[in-house]
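Each reported figure results from applying straightforward, stated rules to the coordinates on display, with no laboratory input. This one's a predicted model, so the numbers in the text were calculated from it and none came from an experiment. Here the Cβ is made from the backbone with ideal geometry for all residues, glycine too, and neighbour counts use every protein chain on show.
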Amino acid sequence: MFPNVDEVLIPHSKLYKNAALGFDVIYNPYTTKFMRILKDNGIRAVNGLPMLFYQALFSYKNWFDVTFTQAQEKSVYFKLKNAVKKSTLEQEIKELDTNKNIVLVGFMGSGKTTLGKWIAKKTGRTLIDTDKEIEKRLGKTINEIFSELGEEAFRNIETEVLKDLATKKSENLVLSVGGGTPLRKENREMLKKIGYVVYLRASAKELIKRLKNDEKRPLLKNKDYVDRYELIKNLLFERDNIYIDAANFVVRTDGVYFPRIYQIILKRLLKKPYIRQNKYKNKYPRRNNGKRYFPSRRSNESFDS
Ligand code: S3P
């Protein structure tokens with residue numbers, strides 16, 4: 001219970017693995033360590049917010065002799081839930097280790113700059129965008145650097161910028177790097193040295209939507225829709241595994257709005273793993289005997305928990 005939300009009364013993992021349901025009668029913060037452990041084991045964990053809300057609603061309706069539709073009640077409940085989640089997140093931001101810089105990598109148009117600005121604003125960090133840094137150093141736009149000095153020269157300056165950041169041991173940063181930065185192995189190593197690297201993964205279909213009219217990026221300049229799509233598809237195919245290799249964490253961004261991506265990253269950064277994650281945990285939860293039951297692939301048996 002608050003403020004001891006990162007403590008559990010019974011620290012025995014066996015108990016949590018065999019539970020059917022966990023109920024923590026709190027609403028602030030939204031999740032506690034007790035609930036996180038249960039969720040990590042694929043077990044449903046509920047907090048006290050619905051109880052608090054529906055109990056208050058019941059009294060309100062009786063007292064004022066009013067009625068509401070189910071939709072109205074649900075809508076108020078979700079507003080309350082979001083407000084509690086938001087305030088929990090704000091409290092959690094304070095726990096973020098300022099030594100741990102956040103580094104965003106990903107394809108052009110994956111949202112590194114926009115999300116970088118958002119994270120920097122929300123966490124009070126300084127945003128560094130390597131493309132902007134290069135433009136400042138040379139007094140030229142990226143397009144001009146590509147056409148006047150060539151791509152190789154651009155890549156060398158990119159590496160120089162990273163070297164500076166890695167040696168300076170800068171803190172409290174959000175670093176957004178160009179889409180081609182992780183291509184060099186030495187850059188990938190430096191990125192991990194600088195901070196916690198997050199790959200903002202997007203599909204070619206999504207990227208073409210975002211980049212269809214872009215003329216600022218030299219690799220896409222003067223290309224019609226078809227050539228552009230082909231280029232994005234091929235480059236993404238070549239680079240996807242490189243981005244994965246560069247990253248500590250991969251987050252899918254198709255159709256996910258920025259505040260949500262921000263929340264996912266933050267939760268991940270704050271997470272203190274307790275019990276090893278298991279890929280089968282949600283699909284095949286443990287039964288009362290503590291064993292997982294895997295239905296045979298050949299039979300049409302369905303699993304009931
Ligand atoms: C590039 C991506 C660009 C920029 C340059 C090259 C790339 O950055 O560094 O045009 O090779 O993918 P953004 O990813 O910020 O657009």
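Residue count for region 165-178, restricted to those that are surrounded by fewer than 20 Cβ atoms within 10 Å (Cβ to Cβ) and either part of a loop (DSSP other than H, G, I, E, B) or among the acidic types (Asp, Glu) (or both): 4.
Only one entry of 68, 34 meets the criterion of being in contact with a Gly (Cβ under 9 Å, 6 or more places away or on another chain) and surrounded by 11 or more Cβ atoms within 10 Å (Cβ to Cβ), and that entry is 34. Tally the residues that are crowded, with 21+ Cβ neighbours inside 10 Å, part of a helix (DSSP H, G or I) and out of contact with any Leu (no Cβ under 6 Å at 6 or more places or on another chain), restricting the search to region 179-199. Number satisfying all stated conditions: 3. Of all residue pairs spaced 6 or more apart or on separate chains, those with beta-carbon atoms under 8 Å, a first member in region 45-68 that is touching a residue at least 24 places away in the same chain (Cβ under 8 Å) and a second member that is among the basic types (Lys, Arg) and surrounded by 14 or more Cβ atoms within 10 Å (Cβ to Cβ) are 45/36; 45/39; 49/81. Close Cβ contacts (under 6 Å, 6 or more residues apart or on different chains) running from residues in region 176-193 that are closer than 15 Å to residue 244 by Cβ and more than 7 Å from the ligand (Cβ to nearest atom) to residues that are assigned to a helix (DSSP H, G or I) and aromatic (Phe, Trp, Tyr) comprise 182/243.
Scanning region 8-30 for residues that are within 27 Å of residue 93 (Cβ to Cβ) and in contact with a Lys or Arg (Cβ under 8 Å, 6 or more places away or on another chain) yields 8, 22, 30.
Looking at 146, 107, just one residue is at negative phi, within 13 Å of the ligand (Cβ to nearest atom), outside any helix (DSSP H, G or I) and in contact (Cβ under 8 Å) with a residue 60 or more places away in the chain, and that residue is 107. Of the numbered criteria (1) in contact with a helix residue (DSSP H, G or I) (Cβ under 7 Å, 6 or more places away or on another chain); (2) small (Gly, Ala, Ser); (3) within 12 Å of the ligand (Cβ to nearest atom), the one residue 202 fails is (1). The residues on offer are 89, 162, 115, and the sole one that is within 26 Å of residue 31 (Cβ to Cβ), within 13 Å of the ligand (Cβ to nearest atom) and part of a helix (DSSP H, G or I) is 115. Of the residues making up region 242-255, those that are under 14 Å from residue 181 (Cα atoms) and surrounded by fewer than 19 Cβ atoms within 10 Å (Cβ to Cβ) number 3.
Each residue in region 118-134 was checked for being in contact with a helix residue (DSSP H, G or I) (Cβ under 7 Å, 6 or more places away or on another chain) and near the ligand (Cβ under 10 Å from one of its atoms), and 4 of them qualify.
Tell me, which residue of region 124-143 that is within 22 Å of residue 172 (Cβ to Cβ), in a helix (DSSP H, G or I) and acidic (Asp, Glu) is nearest to the chain's Cα centre (by Cα)? Among those that are within 22 Å of residue 172 (Cβ to Cβ), in a helix (DSSP H, G or I) and acidic (Asp, Glu), it is 131.
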